[in-house]
1. Can you tell me which residue within the stretch 120-141, out of those that are open to solvent by 10 Å² or more (accessible area, probe 1.4 Å) and either touching a Lys or Arg at 6+ places or on another chain (Cβ under 6 Å) or within 13 Å of the ligand (Cβ to nearest atom) (or both), is nearest to ARG189 (Cα to Cα)?
2. Out of the residues in the stretch 339-362 that are in a loop (DSSP other than H, G, I, E, B) and away from the ligand (no atom under 12 Å from the Cβ), state the one that is least open to solvent (accessible area, probe 1.4 Å).
3. Identify all residues within the stretch 143-173 that are of a type outside the set (A, V, I, L, M, F, W, C) and either under 15 Å from the mean Cα position of the chain (by Cα) or within 11 Å of the ligand (Cβ to nearest atom) (or both); write none if there are none.
4. Can you run down the residue pairs with Cβ atoms below 9 Å, 6 or more apart or on separate chains, where the first is in the stretch 160-178 and free of Cβ contacts under 8 Å to residues at least 60 places away in the same chain and the partner is within 12 Å of the ligand (Cβ to nearest atom) and open to solvent by 10 Å² or more (accessible area, probe 1.4 Å)?
5. For residues in the stretch 199-241 being without any contact (Cβ under 8 Å) to a residue 40 or more places away in the chain and of a type in the set (D, E, K, R), which is least open to solvent (accessible area, probe 1.4 Å)?
6. Is it the case, given these coordinates, that THR113 is more than 11 Å from the ligand (Cβ to nearest atom), crowded, with 24+ Cβ neighbours inside 10 Å and assigned to a helix (DSSP H, G or I)?
7. All but one of (1) surrounded by fewer than 23 Cβ atoms within 10 Å (Cβ to Cβ); (2) modelled with pLDDT of 95 or more hold for ALA157, so report the exception by its number.
8. Across the stretch 16-42, what is the total count of residues that are part of a helix (DSSP H, G or I) and open to solvent by 40 Å² or more (accessible area, probe 1.4 Å)?
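The values are calculated or read from the model by the stated rules, or taken from the named source; none is laboratory data. Remember, it's a predicted structure, so these values are computed and weren't measured experimentally. With ideal geometry, Cβ positions are generated from the backbone for all residues, glycine too; neighbour counts draw on all protein chains shown. Accessible surface is based on the protein model in full, side chains and every heavy atom, while ligands, DNA and RNA are left aside. Shrake-Rupley method; radii C 1.70, N 1.55, O 1.52, S 1.80 Å.
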Amino acid sequence: ELGGFPHFMLKEIFEQPETIRNAMRGRLDREQATAVFGGLNLEPRQLRSIDRMVLTACGTSWHAAMVAEYMIEEFARLPVEVEYASELRYRNPPMSPLTLLLAITQSGETIDTLAALREMKRKGHRSLAICNVVGSTIAREADGGVYLHAGPEIGVASTKAFTSQCVVLALIALHLGRLRHLSYEAGLRIIDELEALAASVEKALETNDMARHVAGRYAGCDNFLYLGRQYNFPTALEGALKLKEISYIHAEGYPAAEMKHGPIALVDEHTPSVFIVPQGAVYEKVLANMEEIRARGGPVIAIVDEDDERASQIADEVIRVPHVADYLQPIVTAIPLQLLAYHIAVLRGCDVDKPRNLAKSVTVE
Ligand code: M6R
């Protein structure tokens, strides 16, 4: 069952090149330079008339929703709001009838996500769901949806579901973009990038030894910071959540530039900062944020592109991943963050697959 891996979490981390391929299979249409789905149950005309999207989820799925906010903004120029399902269910936000709800959930059974979906449906909004578990309650109750096809995720810490959610959300952003202003050429470029992604994730898995080495150096720390900007702000949140839930170390994810508005006071020589700093739109800006942490004596662990020179000079530890377009960076950089959390948890003797106080799906409020 474990296929030679010591834990389901590690097995599921290593499944990601395959699960990413599964999330795209049959959904890339080169001829039309777009993504296609079987079960949206929405006509192109209806999709074009959407004036806003509300994305709702919990935990890791909420982080995928945050990545999607940037994707949909970039490709489709549609206003997007991301809401914790536990908040949305009791709110009464003003929403036009043309607002589309998108619920994101691995299990399809998370009670808050289900309640938020029901509340929005009751108000007459159309709804879509991105689920992994086929036939789950949320998959059945949404008006339409997309499955991840990632296979069962057993480890309580979500890994392969997160990267598959990001892939499916990129496909949705591409689809919506092509219904609006995104050009044929831009659509083709995105398809090329998506088709190359699984190979990049495969390479990113080669960081396993390095992640184990870094884990060995910092497993005794009591506090970690995870920092990134733009697409990698949600990645930072996700890296921190992975560490918290399986190693019981306090970790905070933050947009790197917000540090100076308070949290930088936490930095000392025992508080490592994990920077997600691949080359892209905000690379220079994040380098400056890294310097700020260094100047205060905090150890810096940097997730960088394979040919990076500048970030690696500032950092104490460097983990290199293949270069990909900005919107795909959360997927590729998630891999070493998952591995880092995994190895730290193992070194601390934690029950990686079944962390204390947690259930795989939260079906009570
Ligand atoms: O099944 P869901 O995606 O709805 O679950 C949402 C969260 O409970 C889940 O992502 C949780 O945060 C994970 N344990 C994170 O690794």
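1. ASN132
2. If we filter the stretch 339-362 for residues that are in a loop (DSSP other than H, G, I, E, B), which is where we start, we get 348-362.
From what's left, away from the ligand (no atom under 12 Å from the Cβ): 348-351, 356.
Values: ARG348: 93, GLY349: 66, CYS350: 23, ASP351: 85, ARG356: 137 Å².
Ranking the candidates gives CYS350 first.
3. At the first step, the residues of the stretch 143-173 found to be of a type outside the set (A, V, I, L, M, F, W, C) are 143-145, 147, 149, 151-153, 155, 158-160, 163-165.
Selection gives GLU153, GLY155, SER158, THR159, LYS160, THR163, SER164, GLN165.
4. none
5. Per the criteria, the residue is ASP209.
6. Values: more than 11 Å from the ligand (Cβ to nearest atom): no; crowded, with 24+ Cβ neighbours inside 10 Å: yes; assigned to a helix (DSSP H, G or I): yes.
No: the conditions fail for THR113.
7. So ALA157 meets the others, but not (1).
8. Of the stretch 16-42, the ones part of a helix (DSSP H, G or I) are 16-24.
If we keep only those that are open to solvent by 40 Å² or more (accessible area, probe 1.4 Å) too, we end up with 18, 21.
So the answer is 2.
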